[in-house]
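Scroll down for the structure; my scribbles are underneath it.
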Amino acid sequence: MYVRIQFYSHLQYYKRKQKKHFRRTIMSMNTKDYKTKTMVVERDFPCRDNYWAVGLDIGYSAVKGISPAHYFCFPAYAKKIPENRPLLKEAADTDIRYRDNEGEWVVGNLAYEEMDASKMTESEEEVFGRKRYYSPMFKVIVRTGLGIALMEGKEKSSDGKKLYVQTGLPPKFMRDSEDLKEVFKGIHMFELKIGTAPWQTFTFSLDEQNISIMPQPLGALLSASTDINGYQLPIAKKFWSSNLLVFDPGFGTTDIYNVLHGNVSERGTETFSEYSMREVFSRTCDQIENKYHEERNIFELQNLLESGEVRVKDKKKMVFKNCNFSEILAVCSKDVCNEVIEKMKSIYDYFSSYDYIIATGGTYDAWATDFNAVFANMEGFSVIPANVNDPTLTNVFSNVRGYYFSLVNRLR
């Protein structure tokens, strides 16, 4: 199966490094680069013949996955609709639909398109909050990820193979592991439809002992330590004998994983909810309201990112005007990046005792130029992207790549 590729890239304007170009660059940025895309790409990943390994990262913004036959990503949002409702437009390649005995849902970008802000029943906390495990929507996006992971490729099929899943949680939320396992384990029966393809039925059981959960940033460290087939590289010895931080800014949290001479230190391992892409979006919505007197929320912003414009109305004159908000978004993003850097300086004593930062995630890709510039003159100190050993996969997939190869190596 092959779905049109739309790479989940971020903030291309950050590639211009010189500060004198900053304002001109902001004005030309493409807000689409902030929007979570859908992609399902067929690719051969190693796995023992009698097992079907799945790495799955259920993020606040996107679900990312790797299986022996695919890697994929889709927005972590779903909306229930009337069953068998007729489509008013031709299905796009990236449209995802889900149904089970409890009803039918649209998933990912299609769900955001269905959103009516005036009739929304979900709160931001239900969608983006930590305690979302038992919501119907969370079950749908988890099953959608599992279903895509089980789809066969040209030369590989999951039929008759034992299913294993590796996923992760922010370090300080590892106590939620049992709640997360409850969603994954047991018997699953549902159908998926992607694009114009026919409905595909899934019926399978996932045993609790075959579900593993690790701290998310550990996935990035493992990814930076393994080659294209998941085998450990010589550089891994340096990582595990040095002092390093794994920097994992995401949509809902920024996680920092502290490794001192091969030992994970609880002290200095941090999870911040105030420094994230959700915070960037929240500030952007506030600034849009302040400047244009138009109230928007994070859900609506996802759709507005397609055009980078917000419709402003003059009720008295009955005039509508589309106003570009790309500069607002870029400034908010830069501000949050600078704030998390300052926080890290104070916690880690200006990084004086560290040798490496392993940086991962799509939000890091957005901040990379500004973030890396802070360390440019520190001799003997390196910032290493976690996708360094497989640059065909963006940093969006670094954590889940580590999950997948951690599982495959255990099964080996």
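Values as computed for the structure displayed
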item: Rel. contact order, % - alpha carbon contacts under 8 angstrom, at least six apart, the chain; result: 20 percent
item: Accessible surface of the chain, 1.4 Å probe, proportion on carbon and sulfur as whole %; result: 48 percent
item: √(5λ) per eigenvalue of the Cα gyration tensor, the chain, largest first, Å; result: 31, 31, 18
item: Residues of the chain: accessible area per residue with a 1.4 Å probe, Å²; result: 45 Å²
item: Cβ-placed point charges (K, R +1; D, E -1), dipole of region 315-412 about Cα centre in debye, nearest 20; result: 780 debye
item: Hydrodynamic radius (Kirkwood) for region 272-357, which is based on Cα pairs only, to one decimal in Å; result: 14.8 Å
item: Sites E379 and H261, calculated FRET efficiency, Cβ-Cβ separation with R0 25 Å, nearest 0.05; result: 0.75
item: Under 13 Å from K315, Cα to Cα: aspartates and glutamates that are on another chain or at least 8 residues apart; result: E294
item: Sequence-separation-based contact order of region 308-388, relative, with Cα cut under 8 Å and 6+ spacing, percent; result: 24 percent
item: GNM flexibility winner over the chain from K35, K193, K343 (Cα, springs under 10 Å); result: K343
item: Label-to-label distance, nm, for residues given as E306 and Y231 (7 Å Cα→Cβ offset); result: 4.7 nm
item: The chain - charge dipole about Cα centre, Lys and Arg +1 at Cβ, Asp and Glu -1, debye rounded to 20; result: 840 debye
item: Value at 222 nm in deg cm²/dmol, rounded to 500, when DSSP H runs of n ≥ 4 in the chain each add -39,500 (n - 2.57); result: -9500 deg cm²/dmol
item: Separation of alpha-carbon centers, region 143-170 and region 180-258, rounded to whole Å; result: 12 Å
item: Restraint check, K32/K316; K80/K161; K32/K80; K139/K334; K64/K89, Cα-Cα greater than 30 Å; result: K32/K316; K80/K161; K139/K334
item: Cα gyration tensor shape for region 177-227, rounded if a/c is under 1.5, else prolate or oblate; result: oblate
item: Global form of region 298-412, assessed from the alpha-carbon gyration tensor, a/c cut-off 1.5; result: oblate
item: Per residue Cα convex hull volume in Å³ - calculated over region 26-116; result: 171 Å³
item: Value of relative contact order over region 265-337, rounded to a whole percent, pairs C-alpha under 8 Å and six or more apart; result: 32 percent
item: Prolate/oblate/rounded call for region 149-296, Cα gyration tensor, a/c under 1.5 rounded; result: oblate
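The values are calculated or read from the model by the stated rules, or taken from the named source; none is laboratory data. This structure is a prediction, so every number in the text was calculated from the model and none was measured. Every residue, glycine among them, receives a Cβ derived from its backbone with ideal geometry; neighbour counts consider all protein chains shown. Accessible surface is based on the protein model in full, side chains and every heavy atom, while ligands, DNA and RNA are left aside. Shrake-Rupley method; radii C 1.70, N 1.55, O 1.52, S 1.80 Å.
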